[in-house]
Number of protein chains: 2
Amino acid sequence: MYNQLKLDNQLCFRLYTASRLITQAYRPLLEPLGLTYPQYLVLMVLWENDHQLVSDISKRLVLESNTITPLLQRMESEGLVVRTKGTADKRQTLVSLSRKGIALQEQAKDIPDCITAAFSDCAPSQEESRVLVQTLDSIIKYLKNSD
Amino acid sequence: MYNQLKLDNQLCFRLYTASRLITQAYRPLLEPLGLTYPQYLVLMVLWENDHQLVSDISKRLVLESNTITPLLQRMESEGLVVRTKGTADKRQTLVSLSRKGIALQEQAKDIPDCITAAFSDCAPSQEESRVLVQTLDSIIKYLKNSD
DNA sequence: TTAATATATATCGCTCGCGACACAAATGTT
DNA sequence: AACATTTGTGTCGCGAGCGATATATATTAA
């Protein structure tokens, strides 16, 4: 038995599981708004700055067009965003919030605090949190550019 | 603008992105073996202990039957595992490695070291690693039981 | 024993995530 | 100008994840 093939030794498995479980924790909060977690991510990007290109959102969320485009199409058919063809460069697609998409921000504003509260029992300390965020950022930064 | 709705403040987004990027790093190593990452996880579980019930694998990987069953069915059609109906309890399904599934362990044994090597440039220090693993385990343990 | 309930696994339908590839518009080259 | 190349986005197909629900078997209650 190769010891390095033990599941318990795998960092990736932990990230994969933690990511799924936290996303599940968001679900009851997002479902009343009719949102999935990736859709919520897109909205967060647009709430920060409305009217962004597909490529901007793509870079920000580290997702390719083959994931983003169908996601945005679903969001458009839900009436959350509007996609318009670029004027200067006609290959581009500009994504803007609809009235409904803007309005959702108000309803979503308590979600982060709800999540934080839900985690109060297992919340990492400030120091652990700092290390966690820093380590993840370092991994992401490294892997993002290694293509 | 609600500050807590900023993407940069979201731990979950970091976990989600890091998880996806690391899974992508596994891809070129797993593809020659004809495996996806979740399939590799199932094999790791069975390499540790062959002949496990669907429920055992389910618990170990923190995945429900509606994810595990189709995954195992695909693996069975690839000839990696064999699924047999339980004898004592006929509701159960026992999952066993095929000859091919056993043989793959030999080919996969270097994957963890390859991943570690690929990360040498951004690898967390021993201390960071310890905090990361410990924090993730704490989050996983907490969320696993909060259903 | 029979009926009610619980449990193990499976099925269905949807959204993602992604490799492979298509396509049009922009840019560079000759 | 004419052609080749690059770029921005989209399409297609498949394998996850997962909520909702189905099915068969096991267990418990009456």
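The values are calculated or read from the model by the stated rules, or taken from the named source; none is laboratory data. Just so it is clear, the structure is predicted and the values come from calculations on it, not from any experiment. As a convention, Cβ positions derive from the backbone with ideal geometry for all residues, glycine included, and neighbour counts pool all protein chains shown. Note: accessible area is taken over every heavy atom of the protein model, side chains too, but ligands, DNA and RNA are not part of it. Shrake-Rupley method; radii C 1.70, N 1.55, O 1.52, S 1.80 Å.
Which pairs do you get when a residue that is within 23 Å of residue B:132 (Cβ to Cβ), found in region A:104-123, comes within reach of a residue that is surrounded by fewer than 16 Cβ atoms within 10 Å (Cβ to Cβ), reach meaning Cβ atoms under 6 angstrom, with the pair 6+ apart or on two chains?
Matching pairs, first to second residue: A:112/B:4.
Being at positive phi, over 16 Å from the mean Cα position of the chain (by Cα) and not polar (S, T, N, Q) narrows it down to one of A:86, A:79, so name that one. Can you show your working first?
Details: A:86 fails: at positive phi.
Just a single option satisfies the conditions, and that option is A:79.
Please state which of the following conditions residue A:83 fails to meet, knowing it meets all the rest: (1) surrounded by fewer than 16 Cβ atoms within 10 Å (Cβ to Cβ); (2) facing chain B (nearest Cβ under 9 Å).
(2)
For residues that are in a loop (DSSP other than H, G, I, E, B), more than 9 Å from DNA strand C (Cβ to nearest atom) and among the small types (Gly, Ala, Ser), tally how many sit in region A:50-89. Even if it seems obvious, please write down each step before you answer.
Within region A:50-89, the subset in a loop (DSSP other than H, G, I, E, B) is A:50-51, A:62-64, A:78-80, A:86-89.
Next cut, more than 9 Å from DNA strand C (Cβ to nearest atom) only: A:50-51, A:79-80.
Those left that are additionally among the small types (Gly, Ala, Ser): A:79.
Adding up the residues that qualify gives 1.
How many residues are among the small types (Gly, Ala, Ser), in a helix (DSSP H, G or I) and more than 7 Å from chain B (Cβ to nearest Cβ) if we restrict to region A:1-49?
Quick first cut of region A:1-49, residues among the small types (Gly, Ala, Ser) only: A:18-19, A:25, A:34.
Then drop every residue that is not in a helix (DSSP H, G or I), which leaves A:18-19, A:25.
Still in the list and also more than 7 Å from chain B (Cβ to nearest Cβ): none.
Counting residues in region A:1-49 that are among the small types (Gly, Ala, Ser), in a helix (DSSP H, G or I) and more than 7 Å from chain B (Cβ to nearest Cβ) gives 0.
So which residues in region B:128-147 are of a type in the set (D, E, K, R), without any contact (Cβ under 8 Å) to a residue 24 or more places away in the chain and within 8 Å of chain A (Cβ to nearest Cβ), if there are any at all? Don't jump to the end; show me each part of the working.
First, pick out the residues of region B:128-147 that are of a type in the set (D, E, K, R): B:128, B:130, B:137, B:141, B:144, B:147.
Checking which are without any contact (Cβ under 8 Å) to a residue 24 or more places away in the chain leaves us with B:128, B:130, B:137, B:141, B:147.
B:128, B:137, B:141 - these are the residues of region B:128-147 that are of a type in the set (D, E, K, R), without any contact (Cβ under 8 Å) to a residue 24 or more places away in the chain and within 8 Å of chain A (Cβ to nearest Cβ).
Residues that are among the acidic types (Asp, Glu) and open to solvent by 20 Å² or more (accessible area, probe 1.4 Å): which helices (runs of 4 or more DSSP H) entirely in region A:90-147 hold 2 or more of them?
Working: elements: A:99-108, A:111-118, A:126-144.
Per the criteria, A:126-144.
Taking residue A:17 as the residue in question, decide whether it is surrounded by fewer than 21 Cβ atoms within 10 Å (Cβ to Cβ) and either touching a strand residue (DSSP E or B) at 6+ places or on another chain (Cβ under 6 Å) or not hydrophobic (A, V, I, L, M, F, W, C) (or both). Step through it out loud before you land on a result.
Details: surrounded by fewer than 21 Cβ atoms within 10 Å (Cβ to Cβ): no; either touching a strand residue (DSSP E or B) at 6+ places or on another chain (Cβ under 6 Å) or not hydrophobic (A, V, I, L, M, F, W, C) (or both): yes.
Taking the combined requirement at face value, the residue does not satisfy it.
If residue B:48 meets every condition in (1) over 15 Å from the mean Cα position of the chain (by Cα); (2) open to solvent by 30 Å² or more (accessible area, probe 1.4 Å) apart from one, which number is that one?
All conditions are met except number (1).
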